[in-house]
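These notes concern the structure reproduced below.
The values are calculated or read from the model by the stated rules, or taken from the named source; none is laboratory data. What you see is a predicted model; the values in this text were computed from it and never measured. Here Cβ is always computed from backbone atoms with ideal geometry, including for glycine, and neighbour counts include all displayed protein chains.
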């Protein structure tokens, strides 16, 4: 593999969700990632979360399989595992054993609750992990119940992405004179970290501890989605005064002085009602013709099927085909390092 992580070898114990996402991120950046999977349970080659990996069948219920895994890890820079706390130890593959074999090993552990704490051994999913971090409480409209943002915040933002950062940080430490160590990545911790700015806003009195009444949570009329006449949707984020002024000008609202009260939360619901009526007077494409590419901070809300066709995504190759299946392209991009295109696992 080519990329900024070329020459880094990672062993990934097969799992679901955030662990494989971390493996995908590292493989996308050029690391050689080898997935150890159960006999007859190779990862689905159609999935982005499986791409660009080497696959090795290992029976962790046998002594031979455990020894095979141990031998592979002995020559690796890092590993990724997403079992409940204690499972790797019971297999004889815990940090004490593997770090003794390989003192520079970065032992990446992906869990929901973390390796310790009162909930460490409990089952859970993204929706639960982001509940106790305060994140889920903030998602939803005023007067409605919390709305899970699918599993982006716990599994992938606060989980897989955070573990990828932890792995690269620990790998850099080990490569620059340090030693190997365990990376304890908990989705509760990660989702809390993602909420740093919102906690900041709350701490300085700029965020009410309730849903749908704040600047960025659909409380404001100038930061929301609106339905168009064809049943589709657009988004606006005209926060700054100059962007808000352009919204008013293009939308024909300059002479409506009710909109002068941009930052008065007492007026937001009334102004939102006006924008709701306004945006239903044209189709999504008509609004795009007027607003897309301006400083209004505007975009059409595209479906999964539509996203790949947008001219901006097409030019940047935001989506790629891997084995005939459409997948998001690796991110981020580098000015000098050219990474390989994703490929099927094998």
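A compact table of results
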| read-out | value |
| --- | --- |
| Count of region 314-327 residues which are free of Cβ contacts under 8 Å to residues at least 60 places away in the same chain and part of a loop (DSSP other than H, G, I, E, B) | 3 |
| Of all residues making up region 260-290, the number that are over 11 Å from residue 229 (Cβ atoms) and not in a helix (DSSP H, G or I) | 4 |
| Meets criteria (touching a strand residue (DSSP E or B) at 6+ places or on another chain (Cβ under 7 Å), surrounded by 13 or more Cβ atoms within 10 Å (Cβ to Cβ) and not in a helix (DSSP H, G or I)) for residue 330 | no |
| Residue in region 110-120 that is in a strand (DSSP E or B) and under 22 Å from the mean Cα position of the chain (by Cα) present | yes |
| Strands (runs of 3 or more DSSP E) wholly inside region 16-90 containing at least 1 residues that are touching a residue at least 60 places away in the same chain (Cβ under 8 Å), more than 15 Å from residue 345 (Cβ to Cβ) and not assigned by TED's automatic domain parsing to the domain that holds residue 110 | none |
| Candidate set from region 180-199 (those that are in contact with a helix residue (DSSP H, G or I) (Cβ under 8 Å, 6 or more places away or on another chain) and not in a helix (DSSP H, G or I)); member that is surrounded by the most Cβ atoms within 10 Å (Cβ to Cβ) | 185 |
| Set 293, 346: member being touching a residue at least 40 places away in the same chain (Cβ under 8 Å) and outside any strand (DSSP E or B) | 346 |
| Number of the condition not met by residue 341 [criteria: (1) at pLDDT 95 or above; (2) in contact with a strand residue (DSSP E or B) (Cβ under 9 Å, 6 or more places away or on another chain)] | (1) |
| Any hit, region 250-259, residues being in a helix (DSSP H, G or I), exposed (fewer than 11 other Cβ atoms within 10 Å of the Cβ) and touching a helix residue (DSSP H, G or I) at 6+ places or on another chain (Cβ under 7 Å) | yes |
| Selection count where residues are in contact with a helix residue (DSSP H, G or I) (Cβ under 7 Å, 6 or more places away or on another chain), in a loop (DSSP other than H, G, I, E, B) and free of Cβ contacts under 8 Å to residues at least 24 places away in the same chain, scope region 296-313 | 0 |
| Residues within region 59-73 that are touching a strand residue (DSSP E or B) at 6+ places or on another chain (Cβ under 6 Å) and surrounded by fewer than 20 Cβ atoms within 10 Å (Cβ to Cβ), tallied | 1 |
| Cβ pairs under 6 Å, 6+ apart, first in region 148-172 and free of Cβ contacts under 8 Å to residues at least 12 places away in the same chain, second part of a helix (DSSP H, G or I) | none |
| Long-range neighbours under 6 Å by Cβ, at least six apart or interchain, first residue on the phi < 0 side of the Ramachandran plot within region 260-273, second surrounded by 13 or more Cβ atoms within 10 Å (Cβ to Cβ) and part of a helix (DSSP H, G or I) | 261/267; 262/244 |
| So residue 97, is it touching a residue at least 40 places away in the same chain (Cβ under 8 Å), under 30 Å from residue 119 (Cα atoms), assigned by TED's automatic domain parsing to the domain that holds residue 28 and part of a helix (DSSP H, G or I) | no |
| Filtered residues of region 215-239 (kept if without any contact (Cβ under 8 Å) to a residue 40 or more places away in the chain and either part of a loop (DSSP other than H, G, I, E, B) or farther than 17 Å from residue 279 by Cα (or both)) | 215, 216, 231 |
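Residue by residue, here is whether (1) more than 24 Å from residue 329 (Cβ to Cβ); (2) crowded, with 23+ Cβ neighbours inside 10 Å; (3) touching a strand residue (DSSP E or B) at 6+ places or on another chain (Cβ under 9 Å) holds:
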| site | (1), (2), (3) |
| --- | --- |
| 24 | no, yes, yes |
| 43 | no, no, yes |
| 57 | yes, no, yes |
| 75 | yes, no, yes |
| 84 | yes, no, yes |
| 95 | yes, no, yes |
| 107 | yes, yes, yes |
